[in-house]
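In what follows, a single structure is set out as C-alpha cells and then discussed.
Any read-out appearing in this document is the output of simple, stated calculations on the displayed coordinates, not a laboratory observation. Please read these numbers as outputs of a predicted model, since none were measured by experiment. Reconstructed Cβ throughout: ideal geometry from the backbone, glycine too, with neighbour counts over all protein chains shown.
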Amino acid sequence: MTPWKQLSQRYIFERLPFIRVAQQTVELPDGKILEDFYQVHLRSFATVVPVMEDGTILTLRHYKHGPGRVCLGLPAGFIDPGEAPIDGAKRELLEETGAVSDDWVSLGHYVDNGNQRGCNGHYFLARGCRIIQEADSGDHEEMTQHCMLPEALDEALKSGEFGVVHQAANWAFARMYL
C-alpha cells in the first residue's frame, strides 16, 4: 500500500501545550489531491497497568470529564515535553498511586484515530509494584485506589466500567502477559 503524501500543512488553531489543529493538503495514491484534510494533535500520554507483588491490579476510581462520570481507571497522564514515555509512565504511577516498579513492559504506542490522529498513547505494564509513599497527583482529580483481581477487571471491561478507551485498551493489552 502506498502512504498518502503530505504536500503542505498549516496550523489553524493552537492552544499549546494541549491542542493543535492542522489543515493539510495531501495527495492520495491515485493522484487525487485533498486540500482540506484536518488532523488534531493532542498531547501524548502514558498509561500503566500496575500489578502488585500479590498479583492484584492497582486501579483507580475517579471522575473523568470526557465521559462525564465516575469510572474505573488506571494510572495515566500526559508526557512532559522532552520526557521519555517510560519516564512519564513511572512518574504518573508514583504520583497517582505512590507505587514504584522495577519490572516494566512496553505494550506499544498507538494513535486513537486512524486518520485524524488525536492522542499518541504509550501503554505499559508494571509488575511487582509496591507502595513507597502517599499518592499526590497534584492535579484536579479526586481518586480512590482499589486492588482488584485480574478476573474482576475482565468483568469490569465487559460491563463498561472503564469510561476511557485508553484505560480499557491498556487492560486488554496487559492481559496477554498475565
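Output wanted: per-residue J couplings in Hz (rounded whole) for segment 130-146, from phi through Karplus 6.51 cos²θ - 1.76 cosθ + 1.60, θ = phi - 60°, x for Gly and Pro.
Values per residue, Gly and Pro as x: 9, 7, 10, 7, 6, 5, 7, 6, x, 10, 8, 9, 9, 9, 10, 9, 9 Hz.
Do you know the relative contact order of segment 75-178, to the nearest whole percent, from alpha carbon pairs under 8 angstrom that are 6+ apart? If you can, show how the numbers build up before the last one.
On the way: 111 pairs, mean separation 24.4, N = 104.
Over segment 75-178, the number comes to 23 percent.
Measure out, as a whole number of angstrom, how far apart the alpha-carbon centroids of segment 114-178 and segment 74-104 sit.
Distance between centres, Cα-based: 12 Å.
Counting each pair of different Cα atoms once, what's the Kirkwood radius of the chain in Å, rounded to one decimal?
Working: mean 1/r = 0.0567 Å⁻¹.
Hydrodynamic radius (Kirkwood, Cα pairs) of the chain is 17.6 Å.
For residue 87, what is the net charge nearby, where nearby means another residue's Cβ is under 13 Å from its Cβ and Lys, Arg count +1, Asp, Glu -1? Spell out each step's value before the answer.
Values: positive: 90, 91; negative: 80, 83, 92, 95.
In short, -2.
Using DSSP to define loop residues, name the GluC sites (Glu not before Pro) in segment 99-178 whose beta-carbon has at most 13 other beta-carbon atoms within 10 Å.
Values: sites: 134, 141, 142, 151, 155, 161; in loops: 134, 141, 142, 161.
Here the sparse-neighbourhood loop sites are 134, 142.
Out of 57, 19, 79, any idea which swings most in a Gaussian network model of the chain, alpha carbons joined below 10 Å?
19
Rounded to whole Hz and in sequence order, give me ³J(HN,Hα) for segment 61-76 from the Karplus expression 6.51 cos²θ - 1.76 cosθ + 1.60, θ = phi - 60°, writing x for Gly and Pro.
10, 7, 6, 10, 6, x, x, x, 7, 7, 8, 6, x, 10, x, 6
When we measure straight from the Cα of residue 32, which lysines land under 21 angstrom away, once same-chain ones fewer than 8 places off are left out?
In chain and number order, the partners are 5.
Within a 10 angstrom radius of the beta carbon, how do 176, 52 rank from fewest other beta carbons to most?
Details: 176 8, 52 19.
Fewest-to-most Cβ neighbours within 10 Å comes out as 176, 52.
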